[in-house]
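A quick write-up on the structure given underneath.
The values are calculated or read from the model by the stated rules, or taken from the named source; none is laboratory data. The structure displayed is predicted, hence computed values, not measured ones. When we count neighbours, we look across all protein chains shown, and the Cβ atoms used for this are built from the backbone with ideal geometry, even at glycine.
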Amino acid sequence: FDGSSGWISDWTAGVDYVVSVAGDYDRLCAINMSLVSDQLFTQCPADNAATYNQALQAAILTARNAGIVTFAATGNDGSCNSMASPAALSAAVPVIASFDTSSCIAAATGGGDGGPACDEIMSFSNRHGCNELAAPGNWVNGPQMGGGVAPFTGTSFAAPHVAGAVAVLKGA
């Protein structure tokens, strides 16, 4: 069990399910995993660092072999040398959060309002040498419980940007 995000065996089963129904959807090409393990991994990749990583790696690799790319949030602990799983796995594509220019209030040179400069990596993003992509993850409007939308921040808002972009490109 991962205390913050549920049973890792359920994560693995979810990836397995997507692969099992891929034939029903001719453009299925991306999985977003906006969830993270409690444990951070300094080794990169961390495929064999924990027993649960081995099972999750196998499921994500099966998805990749079926033409489905898995994008994973790296976590929000502010670590500069470690990431959570599944982002730390070699079969997944880790995504860190950036402060997107389109939502940037400060001048392009940054810092006018004491906030982050435009297009910089957010300090809360876990990162490591395995990082592959960055996407908007600061003050992203998303659905909230009870209806409506509200601004949210985190790598869990960056990873779906990338998964969605890949799905749009595949659809085109």
**OP:** Considering each of Asp16, Asp47 in turn, give the residue that is over 25 Å from Ala167 (Cβ atoms) and in contact with a helix residue (DSSP H, G or I) (Cβ under 8 Å, 6 or more places away or on another chain).
**Re:** Asp47
Subject >> Residue that is farthest from the chain's Cα centre (by Cα), among those in the range 25-70 that are modelled with pLDDT under 90 and of a type in the set (D, E, K, R) >> reply: Asp26
Subject >> Given (1) surrounded by 17 or more Cβ atoms within 10 Å (Cβ to Cβ); (2) part of a helix (DSSP H, G or I), number of the condition Gln54 does not satisfy >> reply: (1)
**OP:** Tell me, please, whether a residue that is closer than 20 Å to Met122 by Cβ and not in a loop (DSSP other than H, G, I, E, B) can be found in the range 18-28.
**Re:** no
